[in-house]
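**Q** Here it is, the structure in full.
None of the figures in this text is laboratory data; all of them are computed from the coordinates on show. Predicted, not measured: the structure shown is a model, and the values here were computed from it. Don't worry about glycine lacking a Cβ; one is built from the backbone with ideal geometry, like all the others, and counts go over all protein chains shown.
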Amino acid sequence: AYPLPWMHHAAPEEFKDLFMMMRESAKATPAYLTLMVLSTLLAAFGLFANSIPVVIGAMILAPLMGPIISMSLGTLRQDENLMIDSGRSIAIGTGLALLCAMLIAWFIPLNHINSEIAARISPTLLDLGVAVVSGIAGAYAHARAEVAKSLAGVAIAVALVPPLAVAGIGLG
């Protein structure tokens with residue numbers, strides 16, 4: 001008996017495929033690092049320009065969702081290697097994002113805090129609710145192939161690069 005009988009449960013073959021995909025998502029590959037740098041630069045420029053479309057573009061480009069979901073799966077499965085690989089990718093990606101945003105802030109001084117930056121400085125309980133629900137949606141979208149087409153929307157909802165860019169700008 002499943003604890004949640006009204007929800008779809010993955011067949012063993014589906015779970016095996018998902019687990020292999022999450023193992024790959026946990027790694028800090030050159031493609032992951034490149035997308036992390038590009039999305040952070042795009043987010044920083046969008047934040048400085050107060051441009052919502054550019055910030056949204058950075059959200060879609062950001063690759064942090066893969067390692068975060070891999071970390072969740074590793075935690076649930078008590079898979080130490082998956083947790084370590086995911087944690088390493090998250091730490092490297094976060095550090096790289098902060099460093100890139102700091103470099104941009106050194107070259108482009110922030111004269112005033114615009115609405116895009118201000119929106120990311122003071123999180124509320126509403127932001128926490130959005131983060132929790134979008135995290136669940138992200139995990140579900142990763143697990144179900146037919147939902148993958150809505151992954152861009154999920155990526156926007158769980159986007160961490162713009163807040164990281166704001167933190168880097170603040171540190172710069």
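**Q** May I ask you to sort 73, 110 by Cβ crowding, counting other Cβ atoms within 10 Å and putting the fewest first?
**A** Going from least to most buried by this count: 110, 73.
**Q** Suppose the Debye formula is applied to equal point scatterers at every Cα of the stretch 21-78; what is log10 I(q)/I(0) at q = 0.23 Å⁻¹?
**A** -0.82
**Q** Taking the highest mean first, how do the peptides 19-32, 39-52, 115-128 order by number of other beta carbon atoms within 10 angstrom per residue?
**A** Ranking the peptides 19-32, 39-52, 115-128 by packing returns 39-52, 19-32, 115-128.
**Q** Taking other Cβ within 10 Å of each residue's Cβ, how do 36, 102 sort, fewest first?
**A** Ordered by Cβ neighbours within 10 Å, fewest first: 102, 36.
**Q** Based on the alpha-carbon set only, what is the convex hull volume of the stretch 37-130 divided per residue, in Å³?
**A** Measuring per residue, one finds 104 Å³ for the Cα hull of the stretch 37-130.
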